[in-house]
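Reading through the structure tokens given below for one structure.
Every read-out reported here was derived from the displayed coordinates using simple, explicitly stated rules and does not represent laboratory data. Predicted model only: the values in this text are computed from it and were never measured. Neighbour counts run over all protein chains shown; Cβ positions are idealised from the backbone, glycine included.
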């Protein structure tokens, strides 16, 4: 299984209606993407982040399905402009050789097909983690 985490700090002054729309879109991608086995979206506490989300997939094929699904793309378009800080991470309990490199390759592949996403990520004040690794390539 792969556990894909997202941590979000909302920009100061972001329109609360747009923030709610983006959060609902996170929930919707969990419901709509067939590869998502389970998910949670909620407030984060004890950190500098406001919100967190975790999506669970069976394998890297499911991860790719998640990355390119229209529900995920919609969430990116709605949410990224509202963020002051964004961090992603991945955890697996499978013995996948070079897991991090394989995730980075999926991210790079996605970026090659989506220049608008690359621009949205480049405009973020802070972006770290597994989805940021691919920005170098």
Exposure proxy check on 9, 119: fewest-to-most Cβ neighbours within 10 Å is 119, 9
Tilt of helix 70-79 relative to the longest C-alpha principal axis of the chain, in degrees (0 to 90, nearest 10)?
-> 40 degrees
Computed [θ] at 222 nm, deg cm²/dmol, the chain (DSSP H ≥ 4; -39,500 (n - 2.57); rounded to nearest 500) | -13500 deg cm²/dmol
Bridge orientation stat for the chain from DSSP, antiparallel percent rounded to 5, came to 90 percent
Expressed as a whole number of Å, what is the distance separating the alpha-carbon centroids of the range 73-95 and the range 1-45?
-> 8 Å
Per GNM of the chain with C-alpha springs under 10 angstrom, the most fluctuating residue out of 96, 68, 19 is 96
What's the Cα-based Rg to Rh of the range 57-132, Rh via Kirkwood?
-> 0.96
Residues 86, 111, sorted so that the one with the fewest Cβ neighbours within 10 Å comes first | 111, 86
Acute angle (nearest 10 degrees) that the helix 16-32 long axis makes with the longest principal axis of the chain, alpha-carbon atoms = 20 degrees
Label model pair residue 108, residue 122: point-to-point distance (7 angstrom along the Cα→beta-carbon line) in nm is 1.8 nm
Against the globular-protein guess of 2.2 N^0.38 Å, express the Cα radius of gyration of the range 1-104 as a ratio, rounded to two decimals.
-> 1.07
Where a ≥ b ≥ c are the square roots of the eigenvalues of the C-alpha gyration tensor, would you call the range 51-92 rounded, which needs a/c under 1.5, or, failing that, prolate if a/b is larger than b/c, or oblate?
-> oblate
